[in-house]
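Each remark here refers to the structure printed beneath this line.
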Amino acid sequence: MKHPYTSLLRSVALITLIACCCGFRWGLGRPDTCQEARTTLNTLSTITDPAKRTKQEESILKSCPNGGAGLFIKALQAERVSKSDAAISLYREALEKDGTIAEAHGNLGLILHDRGLNEEASVELTQGLMGHPDPRYHLAMAQILCDGTTPSLVVFHYSEALKAYADDASIHEGLAKAYLQLGQYIKAEEEFLILKKLRPKEGRFKLGLADTWRKAGRLDQAIEELQAYIGANPTDKQGHRLLAEVLMENGDRETARREYLLAGVDVTIDPEDFALKGDQYMKAREYGQAIGAYQTALKGRPAWPEIQHNLGKAQMAAGRDDDAMVTFTALIKSGSKDGSLFHDVGLLHERIGQLDQAIDAYRLAIANEPDNVNAHRRLAEIFTWRGSFTEAAGQYRELIRLRGDNPLYHLNLARVYDRTRDQKRALNEYETAVKLDPENIEGHRELARIYLLRAQAAKSEHHYREVLRLNSEDEAARNALITMYVKQKRYDDLTTFVKKWLDKAPDDPQRHYRLGIVYEFKKEYSLAVSEYKKAIELQPDNARMLFALGRTYMKTGLLSESREMLAAAKKADPALAGPQLLLSSLDNSSRPVKKQLRKSGKTSGKKQIIRNKKSRAAKKAAVRKKKSKKR
């Protein structure tokens, strides 16, 4: 007898033989050299001795020349000899083989940043920082992000870079500007004081310190610093202009006027006059002229945040979005913390589909102005589009906190709850929406639907009737009510409902037709025939109406009239199957006709004849019996 495991044993032996012949080691023997090289690569950045580093790179390259680790070494070598194109290609090839090499991501990001490809660079640098917190990556990320929209991130990356480059003036300058944007004037002052020590001859740092004091409201200190600077740099127009602005804010208009002249600003211009003209042009929607007026106002008073913002709005309205972004970005960099400014930046990003940047801008608007309704609303709508319903609900709740009397916010929050199947909360919000605005047709429609699902027919009917009150031609609501009446067997209510609908448009053939269907359903055939005839008079070639009349004639036994109407229906619409079926039953067989008539509650044919005979026979038998008793 053959052993039951013979086949299995032969298979194991065959696999073993193949493995031995083909050299497969099943996890035994010499280890994977590329894996060893990858492990060695992890320690490469810790080696500071050039000779040792070179030796380790050669070892990696020898062990794994075409794997991720080896390609990374080749990319490093190409970068050292300024072959950046080759380095980019090799870094990418290395990452295709092994996407976990953090330094490949980071180094690639640095090269891309140097080439101005900041969007792609930021992705690579972020992945690099996740595995290798190189200060160079932090520095590059800070430089990419210093467009004014995320100053807190700029501070983070510059602070991390500063740990390795404590005396780098560009880092301190970047930090100072970011702190200014965040309104952290004491920290900005500290950075500018460090810069004055690091670069005592750099005038812009003295101006930066003066501007910081100005924004912090320390105008006397700012004036003193600027006067000292101008004393040493009498021809510096930027210094004169900044001093003029500080003096203007301090109420010394005459001295400011002299400083403006020295700054080359046309003081013959009345900035307030041109600003007013700009506002008038905006109201008249003459955006081109508004732009010109605002720009002229800024020539007479360059640092005027309100008018700079108005200029950006005019540029947006004129479709000059790129110009508007430049205007807004400059205003943000100058330290403006106006929530509406960040809101407008968000709108610009939305226009070109940059939703992530738009979300960041709207969040900054709220951070600077927590009650900014417009920013909350835009965030709510974006999150709803994206299907981020938890975030959307949060924003709508904030809008309700700010403007609880707005029914639209309650309606939209209800829809968000609806999508997350939180029916109880949705119901409450819909109810609030229609309470605040009884004319809110969408709120009534949704309440009718939900109450119908919850088997609360009376409430559902109420809201469907409200929908029809607001729009008498709403077919969905009307059909829902008709279905409801039929299910509840409220046929009289159904008849009254359809009659009232007909009374509003007595010349509408469709309404007569619908009322005919109701009468036919109630087996009030004469009334049904009357309504169908009225419908056909108004629309003679309507196949469904002709078919309905023919069908009703058949139910009442008027077969000749039925045949005529069914033939007319077939002619009006040959594709309609019903007329042909009933005509066939009339022409070819009495059985389908009898069946059809039975449905209408009538009896005919052989069974009716048999019943009649039995009835007559029974009557005769009764008469005979009675006579016999008398005898």
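What follows draws every value from the coordinates through simple rules; no lab data is involved. Note that the coordinates shown come from a computational prediction; the quantities given were computed from them, not determined experimentally. Don't worry about glycine lacking a Cβ; one is built from the backbone with ideal geometry, like all the others, and counts go over all protein chains shown.
For the stretch 33-216, give the magnitude of the charge dipole about the Cα centre (Cβ charges: +1 Lys/Arg, -1 Asp/Glu; no others), in debye to the nearest 20. Could you put the intermediate results ahead of the total?
Numbers: 23 positive and 25 negative charges, 115 e Å.
Around 560 debye, computed over the stretch 33-216.
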### Message
Against the empirical 2.2 N^0.38 Å scaling, what ratio does the C-alpha Rg of the stretch 33-216 come to?
### Response
1.22
### Task
Working from Cα positions, state the angle (0 to 90°, nearest 10) between the long axis of helix 543-555 and the longest principal axis of the chain.
30 degrees
### Query
Going from the alpha-carbon gyration tensor of the stretch 259-359, what semi-axes, largest first and in whole Å, does one get by taking the root of 5 times each eigenvalue?
25, 16, 10
### Message
To the nearest 20 Debye, how big is the dipole of the chain about its Cα centre, given +1 on the beta carbon of each Lys and Arg and -1 on that of each Asp and Glu?
### Response
9760 debye
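Report the calculated FRET efficiency for ASP573 and ARG419 (r = Cβ-Cβ distance, R0 = 41 Å), to the nearest 0.05.
Working: r = 42 Å, r/R0 = 1.01.
The pair ASP573/ARG419 has a calculated efficiency of 0.50.
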### Query
Which semi-axes, in whole Å and largest first, does the equivalent ellipsoid of the stretch 353-419 have when worked out from the alpha carbon gyration tensor as the square roots of 5 times its eigenvalues?
18, 16, 8
### Query
Measuring from centroid to centroid over Cα atoms, what is the spacing of the stretch 203-226 and the stretch 479-525 in Å?
82 Å
### Message
As I understand it, the dipole of the chain uses +1 on the Cβ of Lys and Arg and -1 on the Cβ of Asp and Glu, about the Cα centre. Which of ILE269, LEU582, VAL467 lies farthest toward its positive end?
### Response
LEU582
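Hey, what's the Cα Rg ratio for the stretch 424-500 versus the globular rule of thumb, 2.2 N^0.38 Å? Display every interim value, and only then the final one.
Values: Rg = 12.4 Å, N = 77, 2.2 N^0.38 = 11.5 Å.
This ratio for the stretch 424-500 stands at 1.09.
Would you mind ranking CYS34, CYS64 by Cβ crowding within 10 Å, fewest neighbours first? Numbers along the way, then the final one.
Numbers: CYS34 19, CYS64 25.
With the sparsest Cβ surroundings first, the list reads CYS34, CYS64.
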### Query
Where q = 0.08 Å⁻¹, what log10 of I(q)/I(0) comes from the Debye formula for the chain, counting one point per Cα?
-0.89
#### Entry: THR483 paired with ALA367, simple spin-label distance in nm, labels 7 Å along Cα-to-beta-carbon
5.0 nm
### Query
What's the Cα-based Rg to Rh of the stretch 32-130, Rh via Kirkwood?
0.96
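Tell me the trypsin sites (Lys or Arg not before Pro) within the stretch 200-231 that lie in a loop according to DSSP and have at most 11 other beta-carbon atoms within 10 Å.
Numbers: sites: LYS201, ARG204, LYS206, ARG214, LYS215, ARG218; in loops: LYS201, ARG218.
Passing both the DSSP loop test and the Cβ count: LYS201.
With the cut-off at 19 Å, tell me which of the pairs LYS435/LYS500; LYS283/LYS313; LYS459/LYS522 have Cα atoms farther apart than that.
Values: LYS435/LYS500 27 Å; LYS283/LYS313 12 Å; LYS459/LYS522 26 Å.
Listed pairs above 19 Å: LYS435/LYS500; LYS459/LYS522.
Could you work out the relative contact order of the chain, using alpha carbon pairs under 8 angstrom and six or more residues apart, expressed as a whole percent?
On the way: 750 pairs, mean separation 23.5, N = 631.
Relative contact order of the chain: 4 percent.
Hey, could you grab the Kirkwood Rh for the stretch 343-484? Inverse mean 1/r over distinct alpha carbon pairs, Å, one decimal. Please report the intermediate quantities before stating the final value.
Working: mean 1/r = 0.0616 Å⁻¹.
Value: 16.2 Å, from the Cα pair sum.
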### Table column - 3J(HN,Hα) (Hz), the stretch 120-129, Karplus curve with 6.51, -1.76, 1.60, x for Gly and Pro
5, 4, 5, 5, 5, 5, 4, 5, x, 5
#### Entry: Rg and Dmax [Cα atoms of the stretch 244-312; Å; Rg one decimal, Dmax integer]
12.5, 37
### Message
In the chain, if the dipole is taken from +1 on Lys/Arg beta carbons and -1 on Asp/Glu beta carbons about the Cα centre, which of TYR491, TYR229, LEU242 is farthest to the positive end?
### Response
TYR491
